[in-house]
Amino acid sequence: MALKTSENYRGLSRDIVEKISKHKNDPNWMRELRFAALDAYEKIKMPKFGPDLGGLDIDNIASYVEASSAMVDDWNKVPIEIRKTFDKLGIPESERNGLAGVGAQYDSELVYHNIQQAVAETGVVYMGLEAAIHSKYANMIREHFMKLVPIDDHKFAALHAAVWSGGSFVYVPRGISVEFPLQSYFRFNAPGAGQFEHTLIIVEEDADLHFIEGCSAPKYNVANLHAGCVEIFVGKNAHVKYSTVENWSKNMYNLNTKRAIVEEGGKIEWITGSFGSHISMLYPMAILNGRGATMEYTGVSFAGHGQELDTGVKVEHRAEKTRSIINAKSIAKDGGVNVFRSMVKIATEAKKSRSFTDCQSLMLDSLSKSNTVPYFNVQTNEAEVAHEANVGKISEKELQYLASRGLSEDDARALIVRGFANNVSKELPFEYAAEMNNLIKLEMSENM
Amino acid sequence: MTNLLEVQGLCARSGDKTIIDSISLNIKPGETAVILGPNGAGKSTIARAIMGLGDLHYSGQIIFDGKDLGKATIDARARKGIFLSFQSPVEIPGLPLNEILRAANEARKKKMRLTDFQLKMAEILEALDLEPFAGTRELNVNFSGGEKKKLEIAQMMMLEPKLAILDEIDSGLDVDAANKLSKVLFDYQKNTNVAYLIVTHNLRILHKLKVDRVYIIKSGKLAAIGNKELLKQVQENGFKNI
């Protein structure tokens, strides 16, 4: 089965946005939102900080790749080539192994979406966002879509809003705990394409959800762009864990936006493993809107040759007794560049709030770089803010010890790096932890 | 029976300084040899030289299992069947002991099902009075000095070497724990025919073991070779008259 990358959809113009909107059968408000976003995109300048995005040529990025297969909920009806790709990635084996639901997106289109009957019966919704817009959840989506991330938030948020396609909608009603994780997998296959999926998650009061997102792409000669958007609404005393293992090809520009708003007593956990990509700019953000709301971030990024991973976290404490805990780890090898950027804002009202950041870097050679750029804006003196950062190397003693157990230097290094990233992998379900460990092994064995 | 380990004229120098000088010793499979001597005599250097560790300049010959180790790397020596229990085991944050052992088995092309591995590890930890989940914890992080030493022995028992070099294995252990460890080492040797090279300045760890040969090292040189009689002499009078 051939997926067509229509030339008509290459670049960005009113015509293209119009075509996408028509093709998607957008309701009027969505069509207007797309055009407003396009206007915003044209006005907003490129980011003034971070990596050089000069290699990104929007006019040559396909903003939409049409799949020649319709979305299905029966795995056997998914075209065999796509099935093979996903089978290699362990999907839907992982569905059989205890996931509440699985979604799979191939280029711009969702190709598969399924939720376990028992989970659906509790009122939990997990479906393609495009379909959801035309369902009974239409109003709910209209109320929440691009509300946490305004269309003019930054240039790539505007781009996303103008050409978005695919992605998932999750709704967990009040008091419901989804026992097993929901999973969504993105696979890029078309060369020179952009992927602009939108994930909208609404978790009501006292509800609980673990959502896993996996991404991967093969390598092509032309640059690809990923500018997705994730918006998460965490209700009072609700809990959402959002886990991501990203493994992009080494020419990908990964400029993704993730944001959550957390109400009183609620909690958002970001678990992130960032691998691959040529350039990543990724700063999940939490707005702690209600008293006692919490954000925890546990992330690891691995930058190898030719990669610049500019990642970090943003958190806004807007209410009393809110807490944020940030544990960031980065690994740099063969001249890779890691930048950890954090922004902690504590508003005047957010008295007795606490924020703690621990940022550790492991440098595997003297060619690589690792920078930490913390930014604090604390408007009350009744808050506690702490930041620790350190850069380390693998010691000769550790290598010799592992050698005395029979491990070659390469194996020993890979094992130590895996140990360093263990705080992330132990938060992930088994098959994702295994995938992350494999990625580390692969990155470690790759030479310049 | 041929020797498992033959060390001939081993010297170690750091710059102009001689740390050990012309040391020769040998061990057969299933035997226990002991290197005794006062602090700073160079005992640990012998242990480290056999394992190939350190940045000293070594000369002399080390033959293991009929082959000259020559410039063999540390990991190659380990895979040939040499194990060193470290005097000061390192801590590696985030890395569980079990992962090291499974990788070590893999490096030896030794296939072991996960459940068999877990069962064996559980038995070993129990025999050593260690907590059942010690293997899933980060290597040596938040363990006491004595526990770290026992974890070294646990690794030996999992990896099943032909020769185990045990460097000051009883430091940090109380009298009862040292006695118990001595018994564990005795039983393990009886079951596997492992050869021990025990480096110590304290005799209590030898309590339950059959000692085949004793080497006394003083100021980097071999001062005496003997058997249990020599051990007794040291026990009564220390190293002074040797």
Response to the item:
Expected output for region B:75-95 (first residue at the interface with another protein chain (Cβ under 8 Å from one of its Cβ atoms), partner open to solvent by 20 Å² or more (accessible area, probe 1.4 Å) and part of a strand (DSSP E or B), Cβ below 6 Å, 6+ apart or cross-chain) is B:P93/B:E138; B:G94/B:E138
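To keep it simple, each residue is scored yes or no on (1) in contact (Cβ under 8 Å) with a residue 40 or more places away in the chain; (2) under 22 Å from A:K48 (Cα atoms); (3) outside the structural domain of A:F420 (by TED's automatic domain parsing); (4) part of a strand (DSSP E or B).
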residue: A:M295; (1), (2), (3), (4): no, no, yes, yes
residue: A:F302; (1), (2), (3), (4): yes, no, yes, yes
residue: A:D310; (1), (2), (3), (4): yes, yes, yes, yes
residue: A:V315; (1), (2), (3), (4): yes, yes, yes, yes
residue: A:S324; (1), (2), (3), (4): no, no, yes, yes
residue: A:N327; (1), (2), (3), (4): yes, no, yes, yes
residue: A:S330; (1), (2), (3), (4): yes, no, yes, yes
residue: A:V339; (1), (2), (3), (4): yes, yes, yes, yes
residue: A:T348; (1), (2), (3), (4): no, no, yes, no
Worksheet item: Of the residues that sit in region B:151-165 and are open to solvent by less than 10 Å² (accessible area, probe 1.4 Å) and more than 18 Å from B:L97 (Cβ to Cβ), which one is nearest to the other protein chains (Cβ to nearest Cβ)?
Response: B:I165
Fill in: Residue count, region B:27-53 (criterion: open to solvent by 10 Å² or more (accessible area, probe 1.4 Å), within 14 Å of chain A (Cβ to nearest Cβ) and outside any helix (DSSP H, G or I))
1
Discussion item. Modelled with pLDDT under 95, open to solvent by less than 80 Å² (accessible area, probe 1.4 Å) and either β-branched (V, I, T) or assigned to a loop (DSSP other than H, G, I, E, B) (or both): is that true of A:D365 in this structure?
Written reply: yes
Response to the item:
Per the filter on region B:9-26, residues under 19 Å from the mean Cα position of the chain (by Cα) and surrounded by fewer than 22 Cβ atoms within 10 Å (Cβ to Cβ) are B:L10, B:S24, B:L25, B:N26
Worksheet item: Quick one: A:Q183 ticks every box in (1) at negative phi; (2) modelled with pLDDT of 95 or more; (3) not charged (D, E, K, R) bar one, so which box is it?
Response: (2)
Worksheet item: Which one of these does B:K111 not meet: (1) over 22 Å from B:T192 (Cα atoms); (2) more than 7 Å from chain A (Cβ to nearest Cβ)?
Response: (1)
Discussion item. Condition first: without any contact (Cβ under 8 Å) to a residue 12 or more places away in the chain and on the phi > 0 side of the Ramachandran plot. Now tell me which residues in region B:55-74 satisfy that.
Written reply: B:G70
Item to complete: Tell me which of these A:N438 doesn't satisfy, since it passes every other one: (1) under 28 Å from B:L159 (Cβ atoms); (2) in contact with a helix residue (DSSP H, G or I) (Cβ under 8 Å, 6 or more places away or on another chain).
Response: (2)
Worksheet item: Would you call B:G135 more than 9 Å from every other protein chain (Cβ to nearest Cβ) and either part of a helix (DSSP H, G or I) or modelled with pLDDT under 95 (or both)?
Response: yes
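Quick check on region B:121-128. Is at least one of its residues away from chain A (no Cβ under 11 Å) and at pLDDT below 95? Working first, answer last.
Taking region B:121-128 and keeping what is away from chain A (no Cβ under 11 Å), we get B:121-128.
Keeping just the survivors that are at pLDDT below 95 gives none.
Taking every residue of region B:121-128 in turn, none turns out to be away from chain A (no Cβ under 11 Å) and at pLDDT below 95.
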Discussion item. I need the helices (runs of 4 or more DSSP H) fully contained in region A:401-448, keeping only those with at least 2 residues that are touching a residue at least 12 places away in the same chain (Cβ under 8 Å) and either more than 20 Å from A:Y242 (Cβ to Cβ) or touching a Cys at 6+ places or on another chain (Cβ under 6 Å) (or both).
Written reply: A:409-420, A:430-445
Worksheet item: Taking interchain pairs and intrachain pairs at least six residues apart, which have beta carbon atoms under 8 angstrom, with the first residue in region A:225-243 and more than 10 Å from A:G265 (Cα to Cα) and open to solvent by 10 Å² or more (accessible area, probe 1.4 Å) and the second among the aliphatic types (A, V, I, L, M) and not in a strand (DSSP E or B)?
Response: A:F233/A:L148
Fill in: Residue that is surrounded by the most Cβ atoms within 10 Å (Cβ to Cβ), among those in region A:393-448 that are farther than 19 Å from B:T136 by Cα, hydroxyl-bearing (S, T, Y) and facing chain B (nearest Cβ under 9 Å)
A:S404
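The values are calculated or read from the model by the stated rules, or taken from the named source; none is laboratory data. If you're wondering where the values come from, they're calculated on a predicted model, not measured in any experiment. Neighbour counts run over all protein chains shown; Cβ positions are idealised from the backbone, glycine included. Areas reflect the complete protein model, heavy atoms only, side chains present, ligands, DNA and RNA absent. Shrake-Rupley method; radii C 1.70, N 1.55, O 1.52, S 1.80 Å.
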